[in-house]
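The values are calculated or read from the model by the stated rules, or taken from the named source; none is laboratory data. Just so you know, these numbers come straight off a predicted model, no measurement behind them. With ideal geometry, Cβ positions are generated from the backbone for all residues, glycine too; neighbour counts draw on all protein chains shown. Only protein heavy atoms, including side chains, enter the accessible area calculation; ligands, DNA and RNA are left aside. Shrake-Rupley method; radii C 1.70, N 1.55, O 1.52, S 1.80 Å.
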Amino acid sequence: MKKRFFPLLAILLIPPLLAACGARAMPPGLVGTVNTDGSTSMADVMAVLQETFREREPGVTVNYSGTGSGAGVEAALAGRADIGLSSRPLKESELAKGAAARTVALDGVAVIVHPSNPVSGLSLAQLREIFTGQVDNWSALGGPDAPIAVYGREAGSGTRGAFEELLDVTDQCAYTNEYGSSGDVVGNVSGNPNAIGYTSLASAGETVSAVAVEGTACTEETVRSGAYPIQRPFLLVTREGAALSPAAQAFLDYACGGEAGPYIARAGAVAP
Amino acid sequence: MKRRIKPAEFAMQTLFLVCGLTAIAFVLLITVYLILAGLPAIREIGLTDFLLGRTWASTHATDPRFGILPMILTSVYGAAGAIVLGVPVGFFTALFLAKAAPPRLAGLIRPAVNLLAGIPSVVYGLVGMCVLVPALRAWLDLPAGDTLLAAMIVLAVMILPSVISVSDAALAAVPREYEEASLALGATPVETYLRVTAPAARGGVAAAVALGVGRAIGEAMAILMVAGNVANMPSLLSSVRFLTTGIAIEMNYAAPGSLQRQALFSIGLVLFFFIMVINILLNLALKRGREG
């Protein structure tokens, strides 16, 4: 019994040892830590970037802490973080303090309804009325005489935060139902002809129809050009003139270069 | 005289002891962890504001509120509704199985009931979401069918197997002589079952109810899919949030260390307390069932 155990142990132990040797034999790459701090909405994009950057630069550890856009910009300006993360354009006061931003992605929020719903376009004002509960029947919007079921995400969701903020209805929405994921929202909207909901552009899919907002359809092109109104930038913020560590610079160049684009799309955002 | 214990015997007994202690260790670990994780938020929010507050707005930018009364009431109403809908059906099924059913038919129904118990809760939720919710929306002309009523119906079906099997066992354990005495006095079979057998098995039926309540209070996945999940004060035809679904839906994006996350652990503590009380009642009912 015992003798049979040793080869097994050896088999289990050898690959990590070989891997360790392999890593040592590779040409020396960058070594260091990049601390990023800021927007919680950017968690998904950052997770994808962290993962793919680790494959390119195994010696660099990218840390992410979700504290909020304001705190992230503040941390970058104070030098507590290498890169601040902001999911809103920088404020005048932040620019005045020397904050510089590069756009890593654009976050478009699609407004979706059941495919059978004849309403194909809504204005921002109409959306505000629907989501705050002032309008509760589709007939007021040119649709059939049916109640509106307002579907949204749970408290704390980045998509909900973005949607409510961009529509200027933060904490005022009267939801009929709340769901814990984009997939749930899309699935339930596709199953209820009365429903309206929102989700990130990438997860809208074929089973629901995205309405045009202020006359502009929600597509990657309209988000990229800035024509679609319910969108916000994901920014990497640094302090103007301050020298970044080589590792942080490499991460910044990787994230904002075209190469990361497909991965950003996988995280539900649009590469700029 | 002291007997010498063989080493193999000793090793096995130690193994049994360790296994037994593991279960107790986990219960203790979970209890201690829940209390430690759940108390800070309750202390910060205030016990009355937490338990009796009517508004849950955990991420409100200016005025966050952490009142879980809507969730407590929803869980209580949901479980009560499941009992009201599920126990009569379950009890009569058990009565039928134990007393009236031809053996071959009972042999068909019992495995079906056991199969019902084995269906994962997410499947109940899926069927509820795809069949029950749209049906309720159409019948009752609602904006959306995700309602307390939908959750009650799903929970009622989910508690059926445990209600049936526990009641079935209790009814089968009623001594045959009681029934024979009743029949000999001229009572019809139905009178006998309802007036003699059922009262004699009431302890077991109470245990079935308590077991059903426990399952209904603790269920999360199925009702997450049919209840709508908005923390409204409960009403039968509106979207509601249970204690369990309150934790499940917000845990994903609750920032570590935030009051929101801590408050979710506090909900867990309240839920744990509920389950403890139900378990104590269940044990009492089982004990009385055995004695009576």
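Listing for the model above:
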| quantity | calculated |
| --- | --- |
| Heavy-atom accessible surface of the protein assembly as shown: percent carbon and sulfur, 1.4 Å | 63 |
| Solvent-accessible area buried by A and B, counting both chains, probe 1.4 angstrom, square angstrom | 1700 |
| Euclidean distance between Cα centres, region B:78-104 to region B:143-182, Å | 4 |
| Relative contact order, percent, chain B [alpha-carbon distance under 8 Å, six or more residues apart] | 25 |
| Local net charge near residue A:32, Cβ-Cβ under 12 Å (Lys/Arg +1, Asp/Glu -1) | -2 |
| Part-to-part distance (alpha-carbon centres) for region B:224-292 and region B:56-72, which is given in Å | 16 |
| Gyration tensor verdict on region B:219-292 (Cα atoms; rounded if a/c is under 1.5, prolate if a/b is larger than b/c, oblate otherwise) | oblate |
| Shape category assigned to chain A from the gyration tensor of Cα positions, a/c cut at 1.5 | oblate |
| Cβ neighbours within 10 Å from other chains - mean over A:189-196 | 3 |
| Whole-angstrom Cα spans of the protein assembly as shown along principal axes, big to small | 100, 79, 46 |
| Translational diffusion coefficient (Stokes-Einstein; Kirkwood radius from C-alpha pairs) of chain B at 10 °C, 1.306 mPa s, in µm²/s | 73 |
| Within-13-Å neighbourhood charge of residue A:51 [Cβ basis; K, R +1; D, E -1] | 0 |
| Label-point separation, residue A:93 to residue B:233 (7 Å along Cα→Cβ), nm | 3.9 |
| Average beta-carbon neighbours from other chains, 10 Å sphere, peptide A:144-151 | 3 |
| Descending semi-axes in Å of region A:108-225, equivalent ellipsoid built from Cα gyration tensor | 18, 16, 15 |
| Around residue B:130: net Lys/Arg minus Asp/Glu count, Cβ-Cβ under 15 Å | -1 |
| Solvent-accessible area per residue for region A:125-272 (1.4 angstrom probe, square angstrom) | 38 |
| Largest-first ordering by accessible area, 1.4 Å probe, given options A:92, B:9, A:164, A:57 | A:92, B:9, A:57, A:164 |
| Distance-filtered residues of region A:81-107 - backbone nitrogen under 18 Å, label point 7 angstrom along residue A:170 Cα→Cβ | A:85-95, A:107 |
| Point-to-point label distance, residue B:141-residue B:14, nm (Cα→Cβ direction, 7 Å offset) | 7.5 |
| Helical contribution to [θ] at 222 nm, DSSP H n ≥ 4, -39,500 (n - 2.57), averaged over the protein assembly as shown, rounded to 500 | -17500 deg cm²/dmol |
| Inter-chain shielding of B:252-259 (mean C-beta neighbours from other protein chains, 10 Å cut-off) | 4 |
| Amide H partners (placed H, <5 Å) of residue A:61, local residues excluded | A:32, A:33, A:34 |
| Full-extension gain in nm, residue B:288 to residue B:48, via 0.36 nm per residue minus C-alpha separation | 82.9 nm |
| Per residue Cα convex hull volume in Å³ - calculated over region A:163-262 | 166 |
| Chain A: relative contact order as a whole-number percent, Cα under 8 Å and 6+ apart | 27 |
| Relative contact order of region A:157-272, pairs being alpha-carbon contacts under 8 Å that are 6 or more residues apart, as % | 22 |
| Residue B:194 paired with residue A:244, simple spin-label distance in nm, labels 7 Å along Cα-to-beta-carbon | 8.0 |
